[in-house]
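So the structure is just underneath, and the comments pick up after that.
The values are calculated or read from the model by the stated rules, or taken from the named source; none is laboratory data. These figures come from a predicted structure and were not determined experimentally. With ideal geometry, Cβ positions are generated from the backbone for all residues, glycine too; neighbour counts draw on all protein chains shown. Side chains included, ligands, DNA and RNA excluded: accessible areas come from the protein's heavy atoms. Shrake-Rupley method; radii C 1.70, N 1.55, O 1.52, S 1.80 Å.
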Amino acid sequence: MALSAADLNTLGIDTSKAPRVEPSPEEVTSARQVPAWQTLVPGSVLSQALYETVSGRRVTIIDSPPGSGKTTLLVNAALWLGANTDLTVTVAAPTRAAATSVAERLADVHEQASVVLALNGVDKASSSAIHTPGSGAFQGQAGDIVVRTMASTAMSTSTTCDLLIVDEAYQSTFASLTAAAKGSEQVLMVGDPGQIGPVITADPSVFDDSPYPPHGRAPDVLRHHPSATVAHLPTSFRLGQRTVDAIAPLYDFPFDSSRPDRRIVGHDEIESIRIDRPDPVDLYAEVAHLAAAYVGQEVITADGSRPLTPSDVCVVAGDNMAVNGIAGFLSAMGNYPGITVGTADRLQGGQWHAVIALDPLASASTVSDHHLALGRLCVMASRHMTHLTWVHGGDWQCLIEAHEGGEASATMIKVRQNLIG
C-alpha cells in the first residue's frame with residue numbers, strides 16, 4: 001500500500017521538495033575523473049610550491065634528481081595556477097625545442113588550458129589547443145600560460161608577468177635570469193642541480209668575491225637570498241636504487257628510487273668494463289661492438305618482454321672525437337644512426353634502456369676541466385632507464401688526483417668507485 005503525502009510528512013520527509021534523482025553510473029564515473037593537476041596531495045612538493053607562490057614568495061626553488069618528474073611538476077603547477085588564480089604566468093625554457101615540448105605537454109594534459117607558444121616565426125603548432133601568435137613578445141592575461149625561451153624573455157623590454165616559471169633552471173646563469181625576470185614579481189625555478197650548467201666563455205674571476213656572481217647558476221645564487229625557499233623532489237622514477245646510490249655524492253639532498261621493476265636479461269643494473277687501449281681508435285671500436293651487442297637482447301618491463309631495438313641503445317662519450325669514432329664503427333656495422341651516439345652535453349635530458357658510457361678520462365688525449373666536470377659525470381651516469389655499462393681505463397684515479405684537489409676530486413673518485421663496484 002502506497003503512503004500518502006500526509007503519511008510521509010509524519011515520518012519527517014519533506015514532500016515539498018522534488019524527489020532526489022540518483023546519478024547514473026556514467027555521471028558517477030565522470031565526476032571521479034578529476035585531473036591529476038587539480039588533485040593536490042597535502043605535503044607534496046607540488047603543494048608546497050603552489051602554497052609558496054600563492055602566498056607571495058618571491059623565489060621558490062625546486063631541486064630535482066634525474067628522472068623525478070620535474071617537467072610533470074612544472075606542468076601541473078602552471079595548469080593549477082592558470083585555473084585557480086588570477087596570476088599571469090610565463091614559462092621560460094632554455095631552447096626553442098624545450099619551449100615547444102613544454103607547450104605540447106601542457107596542451108596534452110589539459111586541452112582546455114589557454115597555452116600560448118610565443119616564439120618568433122612560429123605561427124602553427126602541433127596541436128590546435130596551442131595558440132601561436134608568432135611573436136616572442138606576446139603579453140598574456142590571467143588564465144594564459146605563455147611559453148617562451150629564456151633568451152627572448154631576457155631580450156624583451158616590455159613584457160611583464162606575475163610569475164616566471166623557469167624550466168631547466170640550472171642551465172641559466174644568474175645574469176640571464178635577472179634579465180628574464182625583470183618584469184616579474186615572483187620566480188619559480190625547477191631543475192636538476194646535478195646536470196651540466198651553462199657554458200661560460202669569459203673569465204669570471206673578477207666576481208669570485210661577489211655574493212651574487214652573474215656567471216653562477218641561477219638557483220645556486222638565489223638560494224642564498226633571504227626571500228628564497230628550497231624544496232626537492234624525493235624520488236627518481238627512471239633510475240634504480242643501485243644508480244641512485246652511485247650518484248648520491250653529486251647531490252646535497254637525499255632521494256630514492258621508485259622505478260618500476262625492469263631489467264635486461266643477463267645483466268645487472270650497472271656493470272663496468274675496464275678497457276686499456278693505447279690507440280683511441282681501438283677503444284672506439286671496442287665500445288661500438290659493446291653497444292651493438294645489446295641490440296636484440298631481451299628487456300623485461302611491466303608491459304612484458306621484447307627485444308631491444310637500436311633506438312633503445314645509446315653511447316655517451318666525453319668529447320666529439322670519441323663520438324665521431326664510435327659512430328663511424330657503428331655505421332660500418334649497420335647500427336648507426338639507429339643507436340644514438342653523442343656527448344653528455346648533447347644527450348642531457350634523454351633516456352634509453354641500455355646506455356654505454358665511456359669515461360671521458362679513458363678517451364681524452366689531455367685531461368681538462370671539461371673532462372672532469374661533475375655535471376658531465378652525472379649526466380653520463382644517469383641516462384639509462386634499465387642498464388648502464390660504465391667503460392673506464394685503469395688510470396682514472398691517478399689522472400683525477402694529478403689534475404684536481406679537494407672536495408670535487410674526492411666526489412669524482414667516489415662516484416666512479418660506486419660505478420665500478
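Partner aspartates and glutamates whose Cα lies under 19 Å from the Cα of LYS414, excluding those fewer than 8 positions away in the same chain, are identified as ASP245, ASP252, ASP256, GLU269, GLU271, ASP359, ASP369, ASP395, GLU401, GLU404. For all pairs of alpha-carbon atoms in the chain, what percent lies in each bin of width 10 Å, listed from the first bin to the last filled one? Once binned at 10 Å, the Cα pair distances of the chain give 4, 19, 26, 23, 15, 6, 3, 2, 1, 0, 0.
Peptide packing: for 391-397, 61-67, the average count of neighbouring Cβ atoms within 10 Å per residue gives the ranking 61-67, 391-397, highest mean first.
Packing, as the average of other Cβ atoms within 10 Å across residues, places the peptides 303-310, 267-274 in the order 267-274, 303-310, highest first. Here the accessible area of the chain is 53 percent carbon and sulfur, with a 1.4 angstrom probe and all protein chains present.
For the chain, the longest principal axis of the C-alpha atoms and the axis of helix 45-54 are separated by about 60°.
Within straight-line reach of LYS182, meaning a Cα separation under 16 Å, sit the following aspartates and glutamates at least 8 residues removed in sequence or on another chain: ASP162.
The angle between the Cα long axis of helix 406-420 and the longest principal axis of the Cα atoms of the chain comes to about 90 degrees, rounded to the nearest 10. Its alpha carbons considered, the stretch 99-162 gives a radius of gyration followed by a Dmax of 11.0, 32 Å. Helix 320-332 axis versus longest C-alpha principal axis of the chain: approximately 90°, rounded to the nearest ten. Report note on the peptides 377-383, 220-226: ranked by the mean count of other C-beta atoms within 10 Å, highest first, their order is 377-383, 220-226.
In this structure, the amide hydrogen of HIS267, modeled 1.01 Å from its nitrogen in the peptide plane, lies closer than 5 angstrom to no residue at least 5 positions away or on a different chain. What residue among VAL295, MET333, ALA151 has its Cα farthest toward the positive end of the dipole of the chain, where the charges are +1 on Lys, Arg and -1 on Asp, Glu, each on the Cβ? The residue sitting farthest along the positive end of the dipole is ALA151.
Averaged per residue, the chain has 47 square angstrom of accessible surface, using a 1.4 angstrom probe with ligands and nucleic acids left out.
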